[in-house]
Every structure is written in C-alpha cells, then in structure tokens.
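Notes for the one structure printed next.
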Amino acid sequence: MALPTMKHPLPTLALLLAAALPACNATDGERFKSQKNTYIFETTTSTLTANGASVTGFELNFRCPSITGMSSDTVALATTMRANAPLPNLTLQSIQGIRSDTQGAFGFSISGLPTSLLDIYQRCNASSTEKYVTSCPDDYTLVSDCAEATGNTKTCMLVREGTHRLVISAHPNSDKACYSEEIDRSPYAASSPSAVLACDAFSPITLDAAYKGGPPSYECCSDTAETTLNFCVRPCGCRTLNIQIVPKTETLANAPADPPDGNGFKDYLRLAVFSNVEGNTRRFQKLLDSISSHHVDAAINLGNLTNSGKEAQFQKISDIAKASLIEYDGQDEENGCILSASHYCCPSNARTYTNFCNAILHKTPFLSGLGEDEVSGSDLTAFRQHFGPSNFVTTIGKVQLIMLDTADATLSDPQLAWLRTQLSETAHAKCQIPPPTSFTQWPSLAECRIMHPDQEDITCRECIAQEAYCIPPALDRSNVYDGPENCICVPHSSKYCQDGLTCEAADGQEHTCICTRDEDCGSGATCTDGICEPPLRLIFTYTPLFDVYGSRNSAFTSRDEAAELTSLFLQSDVTAIFAGKILDYSKTEMAGIPQYITGGGGADMPALASKSNHWLMVDIPNAYTKPDPSQITVTPVEF
C-alpha cells in the first residue's frame with residue numbers, strides 16, 4: 001500500500017526501525033546512543049527534541065485539529081509521545097530557507113497529561129473528535145451551559161479551568177544567513193495567519209490544542225485507552241520553536257508560597273527522591289503511600305527499581321506506580337465503577353468527561369534512572385516503555401532536573417557532551433551598531449513598510465539606503481503581528497548580537513549584548529537586569545561521584561573523571577547532587593556542592609545504616625519565580 005504524500009520527508013527507515021529495536025545489555029555509551037530516538041526525531045529540514053516526554057511512535061494519517069488555525073483536513077506527520085515529567089517541553093529547530101506558511105505541519109499527540117493542567121472548553125455542537133479543546137475560538141460565543149446553544153453552531157462552555165497554558169515562542173538561530181536580505185520577509189501567504197505567528201513570537205503566545213479519546217462503549221472503557229492532547233505547528237526557517245506548558249500569569253500571582261497541603265498549585269516544588277527498591281513490591285507500595293501523603297509534585301527514582309532488570313519486574317513496579325500515583329476519570333469504585341474483563345464500566349454520570357475514556361484527573365509524575373542491577377538484564381526495552389530514557393533533562397518552572405545514567409559508574413563521551421550542552425549558558429558577547437543618521441532609531445521592517453506605503457516588497461536595504469541585516473527586536477519593540485517583518489534593520493557593518501540578545505545602544509561604541517526577556521536565556525533561565533541567570537540545577541545519579549565511606553567500591557570507577565565532573569558542576573552553578581547505590585543516608589559536600597546519598601527505597605537495610613527505609617523530601621520555595629538555593633530543604637522521610 002502506498003504511503004500518503006507528505007509535505008516534508010519521512011524519517012529514515014533506520015530511525016523508525018531503531019525505535020522498535022530492543023535496548024540490549026550494553027555499556028552506558030551504547031545505551032545513551034540507542035535512547036536518542038526516544039527524545040529526538042529528525043527530518044532533512046527539522047529536528048524535534050522532547051524534554052520530559054518520550055517519543056513512542058508516529059501517526060501518518062494525522063489530521064490537525066481545526067482549532068489550531070490549520071485546516072482540519074491538513075495531513076501531518078504526527079509524533080506520538082508520553083509525558084514523563086510534570087511540564088514537558090518540546091523544541092523544533094529548522095534550517096535556514098524554509099517558510100512556515102509553505103511547509104507541511106508537524107502533528108503532536110501527547111498522552112499522560114492531567115486534564116486539570118490546561119483549560120478545557122466543550123464546543124457544544126462539535127464532532128466527538130474535537131469536542132474538548134483548550135480555548136474557545138475567537139469567533140465562538142461563550143455560554144454557561146451548552147443547553148443554551150440551540151441553533152447556534154459556534155458556542156462553547158468552560159468545563160474546567162486549568163492552572164497552566166500551552167504556549168509557543170521562537171528563538172532565532174545564529175546563522176548569519178538568517179539575518180540577511182536573501183531571506184524572504186514578505187508577509188505570510190497562509191490563509192490562517194495564526195498558524196504561523198509563532199515564527200516571529202519571541203515572547204510566548206498561546207498554542208491551541210484539542211483533547212482526543214475514545215468514547216465509552218456501553219458505559220465501558222478499555223483499561224488501555226488513553227486520552228491525548230493533540231496540536232499542530234509548522235516549522236520555521238532560521239528559528240527554534242519552543243513549546244512549553246507554563247503557569248498562567250494569574251495563577252502565579254495568586255499562588256501561595258507555602259509547602260503543599262493538597263493538590264492545588266503553589267509557587268513551591270516538592271520532589272520525592274529515592275533509590276534501591278530492588279523489586280520489593282510490598283515496601284514499594286509503602287513508599288508510594290508515604291510519598292502520596294506528602295503531596296509531592298514528582299517522584300524521582302535514581303536506580304535499581306528491580307534487582308534483575310527483567311520485563312516482569314518492570315511491569316509489576318510500573319503497575320503499582322500507576323495505581324498509586326495516577327487518578328483516572330471513571331474509575332471510582334465508590335460511584336459504581338468496576339473493572340471487568342480489562343474494561344472499566346461505570347454509569348455515565350460518574351464520569352467528568354463523558355466523551356472520552358480514562359482522562360487523567362490527577363497525576364504525580366514518576367521519573368526513573370537505571371541502577372547497576374538493571375543493566376545486567378538481557379533487555380532494557382521494558383524500562384524504556386514504562387519509564388522513558390535513563391538520561392534526561394526537564395525543567396519545572398525555574399528548576400532544571402538532570403538525570404544521568406551512571407549504572408556503569410562512568411559517563412561515556414557522548415553522555416558527557418550531552419551533559420555539557422544541558423549545562424551551557426547564554427554567552428553575553430560584544431556588539432557594535434552604528435548610530436542612525438536619518439532616523440531617531442533604526443526602524444523595524446514593519447515600520448519601513450509604513451514609511452513607504454507604495455513599495456509592496458520593501459527591504460531593509462531600500463529602507464535605510466545601505467546594505468543591511470534584519471535582526472530580532474528587543475522586547476519593547478517586538479510585535480508578533482508584524483510577522484516576518486518583526487525585525488530591526490541595521491547596517492551591514494554592524495556587529496550584532498545573536499541568540500535573541502540585544503545591543504544595549506546603537507551609538508557606534510562597543511557594548512555587551514543584553515537580554516530583554518527570559519526566553520532570550522533558554523529554558524528555565526531568568527533575565528535579570530540584562531543578564532541571563534541559569535535555572536536552579538539539580539543533578540540525579542545512581543552512582544555517587546565519590547564514595548562517602550572511602551573504602552567501598554560504591555562510586556565512579558575513575559576518581560579523575562569524578563573530579564572533572566565536580567569541576568563542571570561547580571562552574572555550572574549546580575545546586576545539589578542526589579545519588580543512590582549505597583544502602584544508607586548521608587549528606588556530604590564536594591567543592592561546596594551538597595551531595596545527598598539515599599539508598600533506602602525498599603531494599604533490606606544494613607544493621608548499621610543511619611536510616612531505615614526512607615526517601616528524601618526536597619522542598620524548593622519560589623520554584624516558578626526566583627528559587628534561592630539557600631532556601632532548599634532536604635528531609636529524610638522514613639516509612
């Protein structure tokens with residue numbers, strides 16, 4: 001059977017096959033390389049990277065939700081994903097020369113997100129496949145009840161108000177060709193401009209999406225059914241698109257900064273960190289019960305969930321975690337819902353969302369690394385299927401979590417290169433822009449069009465009467481609705497800033513490039529007085545860098561490698577390191593960086609251990625605004 005015609009190349013056959021191949025027992029370097037396709041997807045023109053989510057497959061006949069501003073009959077190459085972290089974020093980087101209004105769309109279908117996260121509107125007269133959406137379209141009428149929608153096909157009602165919103169923004173690529181006059185900067189020809197606004201949105205704008213799920217059959221849902229969040233974007237040449245889930249402005253403004261006492265949103269992050277469950281399912285259940293009673297935002301296992309790495313153990317541990325940490329709609333026994341023959345059946349009035357099955361009402365994300373006992377197994381495919389990659393980075397507010405696969409007590413060269421990339425910071429280079437002669441300030445290309453209304457395709461060269469670049473604007477001069485003309489015309493002799501940064505003045509003098517918005521600085525970073533400050537960084541590793549007892553073989557094999565990593569963490573302002581492996585609890589410092597050892601997740605503890613079975617409660621105040629490393633507390637909780 002012939003494949004449908006695609007507007008952008010399909011992934012290579014090798015990549016698709018690699019995604020299905022088992023991750024056999026291998027070194028950390030081989031494991032790292034084999035896991036790349038769980039969070040990176042590449043075509044000949046674009047690269048998609050998922051942080052906090054795992055790529056699970058591809059859907060070739062995917063239709064973009066009409067609410068995204070694209071025609072509902074647009075056929076896209078959809079990437080299916082499962083969210084692992086509380087707030088997954090995606091990046092889509094495209095090469096110079098392609099235009100978003102002429103490119104085929106990328107589709108996204110993400111499972112594993114709680115429906116309480118984003119707003120949910122019901123389109124009163126829409127088809128069942130697009131009944132629930134994250135925003136009410138501009139041309140719709142908002143009603144309090146769909147019963148009022150008689151005869152009006154464009155009405156919607158708010159079903160549930162979320163605490164976050166799905167947003168998209170653009171980060172300029174550094175290639176000089178991206179700022180040249182050779183780039184087509186004429187207004188987009190797309191019939192729906194909202195579909196391409198993201199290309200020149202240097203500050204986040206809302207990205208619309210739709211929920212999709214199978215409706216119950218005879219009041220029953222298959223226990224394997226999953227509700228997904230679906231949306232589409234078009235790739236943008238010379239841009240990296242950043243897709244994030246962020247707290248609403250009003251959510252942050254009203255968020256208490258106190259420790260959590262329930263599931264409501266707070267400007268406070270509480271993590272549960274543990275290791276060495278070692279397949280003890282009874283103690284694992286007690287661990288999860290303890291974690292749930294403390295209302296944590298994410299549970300993080302450092303390694304050795306099992307003592308064998310066998311599929312059956314991973315499956316059993318995963319089932320226990322899901323049952324304890326995820327609350328599904330329509331599975332409440334008190335309201336008459338029962339599990340029968342792999343189906344959940346309950347009266348329709350017992351479901352919050354009657355149109356799709358197994359919507360997640362609440363979820364404590366479960367993130368996991370690998371331990372030494374698990375890499376001795378014959379196959380790690382099951383680990384990936386249940387828990388995602390064993391190396392990952394994700395950002396929650398202004399906190400960056402980096403998990404390292406150190407089950408072999410070392411990092412491979414590819415792992416180290418990846419780690420250095422995650423810890424890299426925006427460089428504030430020097431810039432020099434000549435002063436304007438005929439203008440009070442160098443004009444944007446949109447302003448040039450206003451100044452020359454008779455010239456349909458005005459260029460920067462024609463506008464400022466000299467060879468020119470068109471560079472991204474500072475926050476106070478940026479207007480997303482200017483589209484490709486949302487850039488500032490400067491002389492070709494300029495030494496301009498890259499990475500979205502701005503030259504402090506255009507006076508012919510040398511200045512330091514400054515940021516004007518957080519997005520200039522990267523995920524989780526903050527722009528403060530023109531300087532990019534990195535996020536608060538936490539490192540998670542199964543194997544400690546150094547053995548706290550000195551005589552045991554419970555640390556990195558090479559002390560030189562451990563010292564090199566310590567130096568890197570110190571230079572990168574890492575706040576704390578959390579390690580497992582040792583069946584005990586301890587706190588030490590390495591070059592001033594706190595290192596916490598926790599190994600009491602369920603294994604039998606030695607008689608002389610300082611703690612019985614335990615986990616670490618990590619509390620981070622002001623996690624979404626400005627976390628202070630000195631205010632973090634780490635408390636062992638025994639169970």
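Structure summary
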| item | result |
| --- | --- |
| Qualifying residue in the range 387-398 (condition: closer than 30 Å to ASP560 by Cβ and open to solvent by 20 Å² or more (accessible area, probe 1.4 Å)) | yes |
| Filter pass, SER186 being at pLDDT below 90 and either part of a loop (DSSP other than H, G, I, E, B) or of a type outside the set (Val, Ile, Thr) (or both) | yes |
| Matching option when the condition is more than 16 Å from ALA407 (Cβ to Cβ) and hydroxyl-bearing (Ser, Thr, Tyr), among THR588, THR557 | THR588 |
| Qualifying residue in the range 598-616 (condition: of a type outside the set (Ser, Thr, Tyr) and within 30 Å of THR528 (Cα to Cα)) | no |
| Test for LEU361: is it crowded, with 21+ Cβ neighbours inside 10 Å and at pLDDT 90 or above | no |
| Index of the failed condition, TYR218 passing every other in (1) closer than 15 Å to TYR344 by Cα; (2) buried (at least 19 other Cβ atoms within 10 Å of the Cβ); (3) at pLDDT below 90 | (2) |
| Test result for ILE205, surrounded by fewer than 23 Cβ atoms within 10 Å (Cβ to Cβ), of a type in the set (A, V, I, L, M) and over 21 Å from the mean Cα position of the chain (by Cα) | no |
| Failed item, numbered, when SER412 is tested on (1) of a type in the set (S, T, N, Q); (2) under 37 Å from the mean Cα position of the chain (by Cα); (3) more than 21 Å from CYS238 (Cα to Cα); (4) at pLDDT 95 or above | (4) |
| Hits in the range 419-435 - residues which are assigned to a loop (DSSP other than H, G, I, E, B) and either out of contact with any helix residue (DSSP H, G or I) (no Cβ under 8 Å at 6 or more places or on another chain) or surrounded by fewer than 16 Cβ atoms within 10 Å (Cβ to Cβ) (or both) | SER424, GLU425, ALA427, HIS428, ALA429, ILE433, PRO434, PRO435 |
| Verdict on GLU130 being more than 26 Å from THR251 (Cα to Cα), without any contact (Cβ under 8 Å) to a residue 12 or more places away in the chain and either of a type in the set (D, E, K, R) or open to solvent by less than 40 Å² (accessible area, probe 1.4 Å) (or both) | no |
| Number of the exception - GLN415 against (1) in a loop (DSSP other than H, G, I, E, B); (2) touching a helix residue (DSSP H, G or I) at 6+ places or on another chain (Cβ under 6 Å); (3) under 26 Å from GLU561 (Cβ atoms) | (1) |
| The lone exception for ALA409 - which of (1) in a loop (DSSP other than H, G, I, E, B); (2) touching a helix residue (DSSP H, G or I) at 6+ places or on another chain (Cβ under 8 Å) it fails | (2) |
| Cross-chain or 6+ apart pairs with Cβ under 6 Å, the range 243-270 first and at pLDDT 90 or above, then among the acidic types (Asp, Glu) and not in a helix (DSSP H, G or I) | LEU269/ASP297; ARG270/ASP297; ARG270/ASP619 |
| Hits in the range 133-142 (condition: in a strand (DSSP E or B) and either within 19 Å of LYS248 (Cβ to Cβ) or touching a residue at least 24 places away in the same chain (Cβ under 8 Å) (or both)) | VAL133, LEU142 |
| Evaluation of GLU485 against (1) in contact with a strand residue (DSSP E or B) (Cβ under 9 Å, 6 or more places away or on another chain); (2) under 17 Å from SER174 (Cα atoms) (one fails), failing number | (2) |
| Filter result for GLY97 (part of a loop (DSSP other than H, G, I, E, B) and either in contact with a Cys (Cβ under 7 Å, 6 or more places away or on another chain) or not hydrophobic (A, V, I, L, M, F, W, C) (or both)) | yes |
| Check on ALA446, within 30 Å of SER558 (Cβ to Cβ) and among the small types (Gly, Ala, Ser) | no |
| Residue in the range 314-329 that is over 29 Å from the mean Cα position of the chain (by Cα), surrounded by fewer than 18 Cβ atoms within 10 Å (Cβ to Cβ) and free of Cβ contacts under 8 Å to residues at least 40 places away in the same chain present | no |
| Considering residues of the range 477-501 that are within 22 Å of SER438 (Cβ to Cβ) and among the charged types (D, E, K, R) only, the residue most open to solvent (accessible area, probe 1.4 Å) | LYS495 |
| Residue ranges of strands (runs of 3 or more DSSP E) in the range 521-578 with at least 2 members among the aliphatic types (A, V, I, L, M) and at pLDDT 95 or above | 536-541 |
| Residue that is most open to solvent (accessible area, probe 1.4 Å), among those in the range 591-604 that are farther than 12 Å from SER275 by Cα and hydrophobic (A, V, I, L, M, F, W, C) | ALA591 |
| Count of the range 482-520 residues which are polar (S, T, N, Q) and assigned to a strand (DSSP E or B) | 2 |
| Qualifying position, being crowded, with 21+ Cβ neighbours inside 10 Å, of a type in the set (A, V, I, L, M) and over 26 Å from the mean Cα position of the chain (by Cα), among LEU545, LEU565 | LEU545 |
| Options LYS611, LYS581; residue that is within 27 Å of GLY279 (Cβ to Cβ), crowded, with 19+ Cβ neighbours inside 10 Å and touching a residue at least 24 places away in the same chain (Cβ under 8 Å) | LYS581 |
| Filter result for LYS587 (in a loop (DSSP other than H, G, I, E, B), open to solvent by 50 Å² or more (accessible area, probe 1.4 Å), within 30 Å of LYS266 (Cβ to Cβ) and at pLDDT 95 or above) | no |
| Which numbered condition VAL167 fails, given (1) part of a helix (DSSP H, G or I); (2) at pLDDT 85 or above | (1) |
| Test: SER116 is part of a loop (DSSP other than H, G, I, E, B) and within 26 Å of the chain's Cα centre (by Cα) | yes |
| Test: residue in the range 142-155 that is of a type in the set (Val, Ile, Thr), closer than 30 Å to HIS362 by Cα, over 23 Å from the mean Cα position of the chain (by Cα) and modelled with pLDDT of 90 or more | yes |
| Given (1) more than 30 Å from PRO627 (Cα to Cα); (2) surrounded by 19 or more Cβ atoms within 10 Å (Cβ to Cβ); (3) touching a Gly at 6+ places or on another chain (Cβ under 9 Å); (4) not aromatic (Phe, Trp, Tyr), number of the condition VAL273 does not satisfy | (1) |
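The values are calculated or read from the model by the stated rules, or taken from the named source; none is laboratory data. The model shown is predicted, which means the values in this text are computed figures rather than measured ones. When we count neighbours, we look across all protein chains shown, and the Cβ atoms used for this are built from the backbone with ideal geometry, even at glycine. Just so you know, the surface numbers come from the protein's heavy atoms only, side chains and all, with ligands and any DNA or RNA stripped out. Shrake-Rupley method; radii C 1.70, N 1.55, O 1.52, S 1.80 Å.
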